[in-house]
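There's a structure below that I have some questions on.
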There are 2 protein chains.
Amino acid sequence: MDGVSHIVVDWGTSSFRLWALARDGRVLAERRSGQGLLTATTEGFEIVLETHLAALGVGEGVPVMMCGMVGARSGWVEAAYVDTPARLDRLAAHAVAVPSTHRPIRILPGLAQRGAAGADVMRGEETQLLSLIRDGFDGIACLPGTHSKWVRVEKGTVSHFATFMTGELFHLLRTTSVLAAAVEAAAVEPDDPAFADGVREGLAMPELLGNQLFRLRAAWLLAGEEPARGLARLSGLLIGGELAGAAKLFGPLAEVALVASGSAVFLYRIALMLAGASTVIVHDADACVRAGLHAAALIAFPQEKVPA
Amino acid sequence: MDGVSHIVVDWGTSSFRLWALARDGRVLAERRSGQGLLTATTEGFEIVLETHLAALGVGEGVPVMMCGMVGARSGWVEAAYVDTPARLDRLAAHAVAVPSTHRPIRILPGLAQRGAAGADVMRGEETQLLSLIRDGFDGIACLPGTHSKWVRVEKGTVSHFATFMTGELFHLLRTTSVLAAAVEAAAVEPDDPAFADGVREGLAMPELLGNQLFRLRAAWLLAGEEPARGLARLSGLLIGGELAGAAKLFGPLAEVALVASGSAVFLYRIALMLAGASTVIVHDADACVRAGLHAAALIAFPQEKVPA
């Protein structure tokens, strides 16, 4: 493959995403798979990576910049956390080198928060934020997911962040709990009024979460409530509760940068508006992680590589 | 077996408990097993019951009073819910007869709440409450469990109740979530200050639950927090959140009847005191369900049976 300057990879617990980029950041090729950490630990990290690169015809020597759980203790090579307050433009300087005979490979570190603000960690989201600050972003960012992150960025520095287990709770309750039958539907419809109702109730009465959850089952048992509505309400309750917590930690949610992809964009935008946000600026999470990795690659691999 | 007047059975989703009682309620024999609904649906409800009775030498004709999920739609015979407001002393009148050639068998109904108070259901706890009202109980009762129940009893009538999924959330988070390693310990030590800390935080900031949960993992990762302390804190956070919700629905928790067995007695007593309760009267849940079933049996089977 011609014109590839460097490769960037977002490698998480359950997914692998790779882009081949030109020096100016243009996407020349892309690969996606379910070879997250769980799979890669068995198959071998280097084999997974090199197999994808071979499939694209990327030659030896083309460097790779990665982020995500691949840098966890249980990943390929541990990239030690950078503590908050953390300057995002310094992330690349803390990247750890992965031994390889094929090419230079670096993994970006995650961030850790210690002390009075409460222990917390992130891996991958800091790279999305790196993209935001290149456009001068300052303020509160919401990055929904299995473990949603809320982050305060001040002058290019992450000063405070908090993780909410919203996505994982949704998954557990939907698949493994007594609620499963009452919420058995393919996906949350953002337009379903049950979603907005759930958000409002989660925002107003987050202390009732454990009760609101059980009542999804009771409404299905007693009143034949549609599972699709139950699922929408479940999602709304959890996201509403997350927003109530975020407002507690970060103050009124007036202006929020929403870094998301897929259905989370619609759900969180609706929920943020219900929470009183006047401005929600959406940034595509995939584009952000790619741009953040690209920025880090330009710093870490300053010389243009000539593909072998 | 001599002197057996009637048999009482508490038959739940995952457990089976049977007592052979004298006419005055004395326990003559007891059987416990894990043959809950899941098992009994396969083995056959009548076979499970008669096998236990044969093992005790209980003759044909001795009647049986049951409560719990055995009366659910997915149980042996459905005992339709009684709607709130529900007079507890009328439960026996609503018991459903189970066809059997061996003996009279009845299943007590559960309770359903509909309308503005919020859809909710219980099966089994109403029978424990039947025991309480025989001692003239009036007020708020807390019945901890997989699905904790909070109940307002007025003049022998259940006027309002609410279920919280506390026990199930604890189980899911402990066994199946990303927290598992951070809370991997045998049991919660009620004396662990981490439990009380969790209760206080759950009471004060229930909107932060999703964040507090993730921070159990972060504290373990970053600061090497002991999993036993993590488990105690997890339990405290969930119970504290439940109490915050109960106070929202039932008003200040000044006087509470705690109907519980095992470690829940200690944990909820501590938590209730931290929530500001001045009086917590503990009732043993096993003794209550037995006494409630006994009371119902005396009504449903007025003639003393002569064992065959």
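The values are calculated or read from the model by the stated rules, or taken from the named source; none is laboratory data. Everything numeric in this text was worked out from a predicted model, so none of it was measured. Don't worry about glycine lacking a Cβ; one is built from the backbone with ideal geometry, like all the others, and counts go over all protein chains shown.
I need the full set of residues from region A:88-111 which are in contact (Cβ under 8 Å) with a residue 60 or more places away in the chain and surrounded by fewer than 19 Cβ atoms within 10 Å (Cβ to Cβ), in order please.
A:89, A:93, A:104
Continuing with this model, one more query. Does region B:239-257 contain any residue that is under 15 Å from the mean Cα position of the chain (by Cα), farther than 18 Å from residue A:211 by Cβ and either of a type in the set (Ser, Thr, Tyr) or outside any strand (DSSP E or B) (or both)?
From region B:239-257, those under 15 Å from the mean Cα position of the chain (by Cα) are B:257; that's our starting set.
Filter once more, so that each one left must be farther than 18 Å from residue A:211 by Cβ: B:257.
Checking the rest, the ones that are also either of a type in the set (Ser, Thr, Tyr) or outside any strand (DSSP E or B) (or both) come to none.
No - not one qualifying residue is present in region B:239-257.
Then there is this: Give me the pairs: first residue in region B:27-55 and over 18 Å from residue B:99 (Cα atoms) and of a type in the set (Val, Ile, Thr), second residue at pLDDT 95 or above and outside any helix (DSSP H, G or I), beta-carbon distance under 6 Å, and six or more apart or on different chains, which are they?
Filtered contacts from region B:27-55: B:27/B:19.
Okay, next question. Please tell me if residue A:133 is surrounded by fewer than 22 Cβ atoms within 10 Å (Cβ to Cβ), away from every other protein chain (no Cβ under 14 Å), within 22 Å of residue A:287 (Cα to Cα) and among the β-branched types (Val, Ile, Thr).
For residue A:133, the condition - surrounded by fewer than 22 Cβ atoms within 10 Å (Cβ to Cβ), away from every other protein chain (no Cβ under 14 Å), within 22 Å of residue A:287 (Cα to Cα) and among the β-branched types (Val, Ile, Thr) - is met.
So is residue A:15 surrounded by fewer than 14 Cβ atoms within 10 Å (Cβ to Cβ) and either closer than 30 Å to residue A:160 by Cα or aliphatic (A, V, I, L, M) (or both) or not? Steps first, please.
Working: surrounded by fewer than 14 Cβ atoms within 10 Å (Cβ to Cβ): no; either closer than 30 Å to residue A:160 by Cα or aliphatic (A, V, I, L, M) (or both): yes.
No, not satisfied.
For region A:153-172, which positions are more than 8 Å from chain B (Cβ to nearest Cβ), buried (at least 20 other Cβ atoms within 10 Å of the Cβ) and either under 30 Å from residue A:216 (Cβ atoms) or in contact with a Phe, Trp or Tyr (Cβ under 8 Å, 6 or more places away or on another chain) (or both)? Even if it seems obvious, please write down each step before you answer.
Taking region A:153-172 as the starting set, the residues that turn out to be more than 8 Å from chain B (Cβ to nearest Cβ) are A:153-161, A:167, A:170-171.
With buried (at least 20 other Cβ atoms within 10 Å of the Cβ) added as a condition, the list becomes A:153, A:158, A:161.
Selection gives A:153, A:161.
If residue A:302 meets every condition in (1) closer than 25 Å to residue A:154 by Cα; (2) at pLDDT below 95 apart from one, which number is that one?
(1)
Can you spot a residue in region B:89-106 that is under 28 Å from residue B:241 (Cα atoms), touching a strand residue (DSSP E or B) at 6+ places or on another chain (Cβ under 6 Å), assigned by TED's automatic domain parsing to the domain that holds residue B:66 and part of a loop (DSSP other than H, G, I, E, B)? Even if it seems obvious, please write down each step before you answer.
Initial filter on region B:89-106 (under 28 Å from residue B:241 (Cα atoms)): none.
No, region B:89-106 has no match at all.
In addition: Please go through region A:112-130 and pick out each residue that is modelled with pLDDT of 95 or more, more than 12 Å from the chain's Cα centre (by Cα) and either surrounded by fewer than 24 Cβ atoms within 10 Å (Cβ to Cβ) or of a type outside the set (A, V, I, L, M, F, W, C) (or both). Break it down into steps so the answer makes sense when it comes.
The initial filter retains those residues of region A:112-130 that are modelled with pLDDT of 95 or more, namely A:112-114, A:119-130.
From what is left, the residues that are more than 12 Å from the chain's Cα centre (by Cα) are A:112-114, A:119-121, A:130.
Those that are modelled with pLDDT of 95 or more, more than 12 Å from the chain's Cα centre (by Cα) and either surrounded by fewer than 24 Cβ atoms within 10 Å (Cβ to Cβ) or of a type outside the set (A, V, I, L, M, F, W, C) (or both): A:112, A:113, A:114, A:119, A:120, A:121.
Being at the interface with chain A (Cβ under 9 Å from one of its Cβ atoms) and buried (at least 19 other Cβ atoms within 10 Å of the Cβ) is the filter; apply it to region B:173-201 and report the residue that is nearest to residue A:146 (Cα to Cα).
B:177
Sticking with this one: Contact list please: Cβ distance under 6 Å, first residue in region A:274-288 and under 10 Å from residue A:260 (Cα atoms) and touching a residue at least 12 places away in the same chain (Cβ under 8 Å), second residue crowded, with 19+ Cβ neighbours inside 10 Å and β-branched (Val, Ile, Thr), pairs at least six apart or on different chains.
Pairs found: A:282/A:265; A:283/A:259; A:285/A:259; A:288/A:259.
Taking the stated definitions as given, is residue A:239 touching a Ser or Thr at 6+ places or on another chain (Cβ under 9 Å), farther than 18 Å from residue B:238 by Cβ and within 12 Å of another protein chain (Cβ to nearest Cβ)? Write out each step before concluding.
Numbers: touching a Ser or Thr at 6+ places or on another chain (Cβ under 9 Å): yes; farther than 18 Å from residue B:238 by Cβ: yes; within 12 Å of another protein chain (Cβ to nearest Cβ): yes.
When the stated conditions are applied, residue A:239 passes them.
I would also like to ask the following. Residue B:83 passes all but one of (1) within 14 Å of chain A (Cβ to nearest Cβ); (2) crowded, with 16+ Cβ neighbours inside 10 Å; (3) in contact with a Leu (Cβ under 9 Å, 6 or more places away or on another chain); (4) not hydroxyl-bearing (Ser, Thr, Tyr); which number fails?
(2)
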